[in-house]
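The values are calculated or read from the model by the stated rules, or taken from the named source; none is laboratory data. What you see is a predicted model; the values in this text were computed from it and never measured. With ideal geometry, Cβ positions are generated from the backbone for all residues, glycine too; neighbour counts draw on all protein chains shown.
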Amino acid sequence: MLVPLTIGLLAVSAVLALIAGHHLVRRKVVDDLLIVVSAVIEVGLLATLVVGLARSGAITDGGERATFIAYLFTVLLVLPVTILIAIKERGQWAMGIMVSGALVVMILLGRLQQVWSPYA
Amino acid sequence: MPDGATEPSDSTNPSSSTDRTDGTGQHTGRGPGRLLVAVYGLLALAATGRSILQISEYYSRAPVSYLLSALAALIYLVATIGLARGDRASVRLARVALSIELVGVLVVGAISYAVPDAFPDKTVWSHFGSGYGYVPLLLPVLGLWWIRHTRSA
């Protein structure tokens with residue numbers, strides 16, 4: 001996988017978690033900033049999907065390859081679903097959900113790298 | 001956040017300034033419950049995905065583990081839907097599912113340490129859910145507490 005892209009995505013996801021944490025403390029709701037940062041992450045994840053699919057043939061174990069491809073698609077869905085839930089929840093917990101969503105993206109990116117690394 | 005006493009719909013919830021209330025009669029799928037449902041949904045997805053893969057790709061390697069994974073996935077799905085719906089019957093169903101989960105993760109976790117050969121491949125519940133950051137151990141406890149919290153009138 002593209003290590004610089006993954007590191008960049010981890011960094012932006014961490015920023016998203018920090019902004020959401022800040023909003024949580026300030027009791028703000030989902031705003032443009034959160035959506036723009038999430039959109040940036042989504043674009044990066046799309047690139048990851050394309051690169052990942054193109055290179056997935058290198059993973060020789062069928063089960064591992066299936067896992068890898070499943071993660072590639074799942075990670076794309078996390079933030080849109082997170083934002084939808086956070087918009088529906090008009091309370092302080094909305095930002096708790098955003099923080100969790102950002103962390104889940106980071107965990108999934110880590111898992112992708114973990115599955116990929118033996119075949120790199 | 002909705003204080004839940006009158007089960008307001010989201011659109012009528014006037015402000016976000018109300019902090020935690022006593023939570024009596026609160027919907028299990030609102031406020032912190034929404035986070036719980038989201039995490040449950042994610043775990044259900046992960047467990048289902050893994051068990052489909054395990055059963056379709058290498059079932060013969062560890063049938064017991066894989067059937068257990070599938071059972072766990074099913075229970076997570078039931079719990080997710082039950083908590084998200086939040087009506088009386090759904091919550092009762094969710095409570096049963098969560099209890100089975102708690103017993104499952106404790107029993108399977110203990111067995112996997114005592115008799116490692118019994119579980120040659122990982123399941124959601126083996127080693128008390130260490131493969132999933134102990135989330136499978138923590139979630140049923142949180143979920144049962146949350147149901148208790150929302151139901152205590």
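If the condition is being out of contact with any Pro (no Cβ under 9 Å at 6 or more places or on another chain), more than 21 Å from B:Arg61 (Cβ to Cβ) and surrounded by 15 or more Cβ atoms within 10 Å (Cβ to Cβ), then the range B:105-141 contributes B:Val135, B:Pro136, B:Leu137, B:Leu138, B:Leu139, B:Pro140. Does B:Thr48 fit the bill of being within 18 Å of B:Ser126 (Cα to Cα) and either among the hydroxyl-bearing types (Ser, Thr, Tyr) or touching a residue at least 24 places away in the same chain (Cβ under 8 Å) (or both)? Criteria met by B:Thr48. The lone criterion from (1) buried (at least 21 other Cβ atoms within 10 Å of the Cβ); (2) over 29 Å from B:Gly29 (Cβ atoms); (3) within 9 Å of chain B (Cβ to nearest Cβ) left unmet by A:Ala86 is number (2).
In the set (1) at pLDDT 90 or above; (2) closer than 29 Å to A:Arg90 by Cα; (3) within 12 Å of the chain's Cα centre (by Cα), B:Leu45 fails one condition alone, (1). Condition check for B:Val64 on (1) within 13 Å of the chain's Cα centre (by Cα); (2) in contact (Cβ under 8 Å) with a residue 40 or more places away in the chain: one failure, at (1).
Pull up the range B:68-107, narrow it to residues that are closer than 13 Å to B:Gly29 by Cβ and touching a Ser or Thr at 6+ places or on another chain (Cβ under 6 Å), then point me to the one that is modelled with the lowest pLDDT. Please lay out each step first, then the result.
Filtering the range B:68-107 down to residues closer than 13 Å to B:Gly29 by Cβ leaves B:79-87, B:90-91, B:94.
Add one more test, that the residue is touching a Ser or Thr at 6+ places or on another chain (Cβ under 6 Å), and what stays is B:82-83, B:86, B:91.
Numbers: B:Gly82: 93, B:Leu83: 92, B:Gly86: 89, B:Val91: 93.
Ranking the candidates gives B:Gly86 first.
Of all the listed residues (B:Val78, B:Val39, B:Val91), the sole one being out of contact with any Phe, Trp or Tyr (no Cβ under 6 Å at 6 or more places or on another chain), buried (at least 17 other Cβ atoms within 10 Å of the Cβ), within 11 Å of chain A (Cβ to nearest Cβ) and part of a helix (DSSP H, G or I) is B:Val39.
Among the residues of the range A:53-67, which ones are among the hydrophobic types (A, V, I, L, M, F, W, C) and more than 9 Å from chain B (Cβ to nearest Cβ)? Walk me through how you get there before you give the answer.
Pass one, the range A:53-67, residues among the hydrophobic types (A, V, I, L, M, F, W, C): A:53-54, A:58-59, A:66.
A:Leu53, A:Ala54, A:Ala58, A:Ile59, listed by residue number.
The condition of being under 15 Å from the mean Cα position of the chain (by Cα), among the hydrophobic types (A, V, I, L, M, F, W, C) and modelled with pLDDT under 95 holds for only one of A:Ile87, A:Ile69, A:Ile59, A:Ile35, that being A:Ile69.
Could you please let me know if A:Leu5 is buried (at least 17 other Cβ atoms within 10 Å of the Cβ), part of a helix (DSSP H, G or I) and either among the aliphatic types (A, V, I, L, M) or under 11 Å from the mean Cα position of the chain (by Cα) (or both)?
Values: buried (at least 17 other Cβ atoms within 10 Å of the Cβ): no; part of a helix (DSSP H, G or I): yes; either among the aliphatic types (A, V, I, L, M) or under 11 Å from the mean Cα position of the chain (by Cα) (or both): yes.
No; evaluated as a whole, the condition is false for this residue.
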